[in-house]
Amino acid sequence: MSVSERLEELGVELPKVVAPVAAYTPALVFGNTVRTSGQLPIADGQLVCQGRVGPNRTSPVEAYEAARLCALNALAAAAEAAGGVDRIKGVLKVTGFVASSRAFHAQPAVINGASELYQEIFGTQHVRSAVGVNALPLDASVEVEVEFELQD
């Protein structure tokens, strides 16, 4: 089954590629891979999850959904750079950043939003890092960058 067919089966529609917020490109092809810049939880031009994750702040559930949106934005950027989503074979690596309060230590659970989406789409595992940080661009709660493998 192609990636586009799997997305349709899951009822997932790729968003438009988010315009860069600084001096970079959303994704570039390197040999048989495509790497994305960090993708924020932006939908329809709006940042949908802001602030640090933790007690009395952004909830881990909200941040999980934001990571899922970041992953969709990364897939859209990769597909555009690669010449179509069906050129993407799978995910090699996900790096996720979570703006975290001092009391929050469940960054891996937040970045599962991205990883679990990719597992639904591609049916495979990937390597991953989930990092807690003090702040992210535009006060986003989550940022995700991805390396995808391309079809030969």
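Among the conditions (1) of a type outside the set (A, V, I, L, M); (2) closer than 15 Å to E143 by Cα; (3) in contact with a Leu (Cβ under 9 Å, 6 or more places away or on another chain), Y118 misses just one, which is (2).
Counting only residues that are open to solvent by less than 40 Å² (accessible area, probe 1.4 Å) and under 13 Å from S37 (Cα atoms), segment 82-107 holds 3 of them.
Could we say that E116 is in contact (Cβ under 8 Å) with a residue 60 or more places away in the chain, of a type outside the set (F, W, Y) and closer than 25 Å to E80 by Cα here? No: the conditions fail for E116. Number of residues in segment 14-49 that are among the aromatic types (F, W, Y) and either under 12 Å from the mean Cα position of the chain (by Cα) or in a loop (DSSP other than H, G, I, E, B) (or both) equals 1. Among the residues making up segment 34-47, those that are crowded, with 17+ Cβ neighbours inside 10 Å and either without any contact (Cβ under 8 Å) to a residue 12 or more places away in the chain or among the polar types (S, T, N, Q) (or both) are T36, S37, Q39. Cβ separations smaller than 7 Å between residues 6+ apart or across chains give the following pairs from segment 97-108 residues that are farther than 21 Å from A74 by Cβ to residues that are open to solvent by 40 Å² or more (accessible area, probe 1.4 Å) and assigned to a loop (DSSP other than H, G, I, E, B): S101/R52; S101/P55; S101/R57; A103/P55.
Of all residues in segment 60-71, none are modelled with pLDDT under 95 and either more than 30 Å from D152 (Cβ to Cβ) or over 11 Å from the mean Cα position of the chain (by Cα) (or both). Whether a residue is of a type in the set (A, V, I, L, M, F, W, C) and assigned to a loop (DSSP other than H, G, I, E, B) was assessed, and A63 does not pass this test. In the set A63, A22, only one residue is touching a residue at least 40 places away in the same chain (Cβ under 8 Å), of a type in the set (G, A, S) and open to solvent by 20 Å² or more (accessible area, probe 1.4 Å); that residue is A22. Considering segment 116-152, the residues that are farther than 29 Å from R57 by Cβ and within 12 Å of the chain's Cα centre (by Cα) include one that is surrounded by the most Cβ atoms within 10 Å (Cβ to Cβ), namely F148. For segment 126-152, the tally of residues that are charged (D, E, K, R) and either free of Cβ contacts under 8 Å to residues at least 60 places away in the same chain or in contact with a Pro (Cβ under 9 Å, 6 or more places away or on another chain) (or both) stands at 2.
The values are calculated or read from the model by the stated rules, or taken from the named source; none is laboratory data. A quick note: this is a predicted structure, and the numbers were derived from the prediction, not measured. So basically every Cβ, Gly included, is an ideal-geometry build from the backbone, and we count neighbours across all protein chains shown. Keep in mind that these areas ignore ligands, DNA and RNA; they rest on the heavy atoms of the full protein, side chains included. Shrake-Rupley method; radii C 1.70, N 1.55, O 1.52, S 1.80 Å.
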